[in-house]
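Working notes, structure below.
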Amino acid sequence: MRRWLSLHALLVYLFLYLPLLVIVALSFNESRRGVRFTGFTLDWYRALFQDPRVLEYFLNTLVVALGSTLVSTLLGTLLALGLVRYRFPGKGVLRYLLYIPVVVPDVVMGVSLLLLFAFSRELFGFPKLSLLTVILGHITFQVAFVTLVVRSRLLLLDPGLEEAARDLGARGFQTFWYVTLPLAWPGVAAGALLALTLSLDDFVVTFFTAGPGATTLPLYIYSSVKLGVSPKVHALSTLIVGLSAFFLALGYALTRRRV
Amino acid sequence: MNEAATPFQRLFRILVTVGPGGLWLFLFVLLPTLLVLLASFLTRGPYGELGGPLGVHNYARALEPVYLEAFAQSLLIGVLATLLSALLGYPLAFYIARHPRRNLLLFLLLLPFLTNFLIRVYAWLVLLQREGLLNAFLGAFGLGPYAFYPSFLAVLLATVYTFLPFFVLPVYASVERLDWQLLEAAYDLGARPFRAFLHAVLPQTYPGVFAGSVLVFIPAMGTFVVADLLGAGRVVLVGNLIQQQFGLTRDWAFGAALSVFLMAFVLLALYLYARIQGERGLEELV
């Protein structure tokens with residue numbers, strides 16, 4: 001039984017890694033087409049780095065990911081705090097709204113944001129589809145995830161700690177800053193990391209909300225792939241796989257130190 | 001909890017914490033959803049603009065056989081992808097949970113998953129193309145080359161590949177919480193391994209299996225990218241139809257109606273899931 005499980009696991013891991021390994025191998029392959037390895041080369045990486053557009057797309061991706069993560073972490077953390085601490089009218093509605101970006105297919109979310117921006121432009125003359133609308137779109141799905149992650153952390157905290165802080169004379173903001181936030185920090189960090197990953201991975205929402213000049217790396221990969229398989233995309237993909245591995249290892253190391 | 005605070009302070013704190021995020025969700029989640037609903041009753045103008053007359057014509061059109069077929073295809077992809085993920089992922093979750101180096105195995109499971117979605121789909125295109133690895137492999141035996149893509153099978157394969165961890169992780173979470181004493185009790189009562197598994201282990205993993213199924217089924221049904229790249233026009237899912245209406249065809253009203261149908265379907269699936277699992281179940285989806 002155990003042997004069968006091991007064999008099964010081995011095959012599934014092979015299934016998971018084979019496609020990525022092929023891409024990495026091909027990124028060093030001299031031949032332009034096919035999988036026959038004709039010789040080792042770094043030409044595709046050179047071509048990639050010499051293309052000024054790729055740097056621009058990379059910077060766009062970074063601006064979108066960092067900008068949206070910053071805003072969504074702030075909004076989501078506050079919202080989680082409010083949802084856990086207070087009762088107020090409309091709380092039930094808010095909790096259902098939080099699940100919409102989590103469960104609704106990306107394509108529906110993409111087109112609904114596109115409609116929003118189109119209606120708004122019709123009525124108020126802004127916003128034009130640009131990097132800004134992409135960031136607004138990313139924040140929208142990130143806020144939901146950050147809120148839910150931080151909220152589950154806050155629910156685990158002992159409310160007695162905040163009471164103790166108040167008994168010792170801390171005011172509302174002091175309690176938040178010196179007691180609640182440090183205790184909630186692992187949740188906030190996990191939420192931010194999740195938001196960052198979601199933003200870097202997103203193609204669909206970006207696809208519908210991006211205007212001219214707002215090309216990100218996933219959009220670039222998509223349009224290149226539509227034109228046919230290209231070794232430059234292999235090189236770019238290899239770099240992204242490497243970066244993902246690095247950040248995942250980093251996140252893993254950080255969470256291991258978490259209490 | 002906030003006995004010390006005056007009503008005014010309470011109101012202020014609620015506004016500061018819930019205000020910005022709540023406003024955001026209202027403006028960017030609720031409002032767009034309502035706009036999709038509104039647009040689905042409008043009509044496409046001669047230049048692709050939205051306008052009157054109001055009516056249910058978009059919904060009537062969405063029920064035509066061509067479009068129903070796309071719905072059927074999406075449903076089929078969703079169901080088959082969920083079944084295949086269960087077949088691959090369920091035993092894997094047990095293997096990982098019982099392994100001494102389970103953290104490393106989880107890391108290895110997540111790594112391809114955190115690689116950009118588009119690259120994961122693209123990798124299959126490279127594998128399955130005419131000059132790809134699979135044909136090179138088969139060629140060594142004097143077979144092929146075959147046109148593995150574009151095809152329904154290629155779309156299904158890449159869909160399973162991209163969403164598999166969504167199934168493994170929740171099942172893994174249930175396996176971690178498993179009460180193995182029940183299994184021993186089953187053995188003590190004379191159950192054979194299969195029967196013991198069926199009655200003492202399997203039911204304990206149902207929450208994970210349900211959560212995993214929802215997490216694979218919904219995105220598998222709703223995606224357009226996989227079918228776009230690996231179906232190349234031959235496999236048309238609802239997602240592809242929606243993308244076409246908001247892209248080249250520029251019939252936003254019809255696209256909105258299709259989106260409403262897709263959303264209704266997803267919400268129905270979630271409602272059924274919530275009925276089985278309760279609200280805690282919904283929280284575990286994140």
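A straight Cα-to-Cα reach below 29 Å connects A:Lys128 with the lysines A:Lys226, residues fewer than 8 places away in its own chain not being considered. What's the center-to-center distance, using Cα atoms, between the range A:57-96 and the range B:95-135 in Å? Between the Cα centre of the range A:57-96 and that of the range B:95-135, the gap is 30 Å.
Sparse packing (at most 12 other Cβ atoms within 10 Å of the Cβ) combined with a DSSP loop state is found for the following trypsin sites (Lys or Arg not before Pro) in the range B:101-137: B:Arg101.
For the range A:178-246, the gyration tensor built on C-alpha atoms gives an oblate shape. Its axis ratio a/c (a ≥ b ≥ c) is at least 1.5, and a/b is not larger than b/c.
Seen through its C-alpha gyration tensor, with square-root eigenvalues sorted a ≥ b ≥ c, chain B comes out oblate because a/c lies at 1.5 or above while a/b is not bigger than b/c.
Helix-only arithmetic for chain A: the sum of -39500 (n - 2.57) across DSSP H runs with n ≥ 4, divided by the residue total, places the mean residue ellipticity at 222 nm at -26500 deg cm²/dmol. Note on chain B: helix-only mean residue ellipticity at 222 nm, from DSSP H runs of 4+ residues weighted -39500 (n - 2.57) and normalised by residue number, equals -22500 deg cm²/dmol. Between the C-alpha center of the range B:139-217 and that of the range A:155-221 there is a gap of 32 Å. Among the aspartates and glutamates, select those whose C-alpha is under 15 Å from the C-alpha of A:Lys232, and discard any that sit fewer than 8 residues away in the same chain. List returned: A:Glu30, A:Asp43, A:Asp51. Against the main long axis of the alpha-carbon atoms of chain A, helix A:231-256 sits at an angle near 30°. Taking the Cα atoms only, what angle lies between the long axis of helix A:106-124 and the longest principal axis of chain A, rounded to 10 degrees? With both axes taken from Cα atoms, the answer is about 70 degrees. Sorting the Cα pairs of chain A by distance into bins of 5 Å, from 0 upward, gives 1, 5, 10, 12, 13, 14, 13, 11, 9, 6, 4, 2, 1, 0, 0 percent per bin.
Cβ-to-Cβ counts within 10 Å put B:Asp251, B:Asp188 in ascending order as B:Asp188, B:Asp251, the fewest first. Counted by neighbouring Cβ atoms within 10 Å, the residues A:Asp106, A:Asp51, A:Asp158 run from fewest to most as A:Asp158, A:Asp51, A:Asp106. Helices of chain B meeting both criteria, an alpha-carbon length of 20 angstrom or more along the long axis and an average Kyte-Doolittle score not below 0.0, with helices taken as full DSSP H segments, are B:7-25, B:65-97, B:152-176, B:206-222, B:252-283.
A DSSP coil position with no more than 12 other Cβ atoms inside 10 Å describes the following chymotrypsin sites (Phe, Trp or Tyr not before Pro) in the range B:40-78: B:Tyr47. Between the amide H of A:Asn29 and those of A:Thr41, distances stay under 5 Å, these residues lying 5 or more places away or on another chain, with hydrogens modeled in the peptide plane. Under the rule a/c < 1.5 gives rounded, and otherwise a/b versus b/c splits prolate from oblate, where does the range B:7-88 land using the Cα gyration tensor? Here the range B:7-88 falls in the oblate category. In vacuum, with every alpha carbon of the protein assembly as shown counted as one equal point scatterer, what does the Debye formula give for log10 I(q)/I(0) at q = 0.06, 0.10, 0.12 Å⁻¹? Two decimals, please. So the normalised log intensities work out to -0.32, -0.91, -1.28.
No value in this document is a laboratory result; all are computed from the given coordinates. Quick caveat: nothing in here was measured; it's all calculated off a predicted structure. Neighbour counts are summed over all protein chains in view; Cβ atoms, including those assigned to glycine, are modelled from backbone coordinates with ideal geometry.
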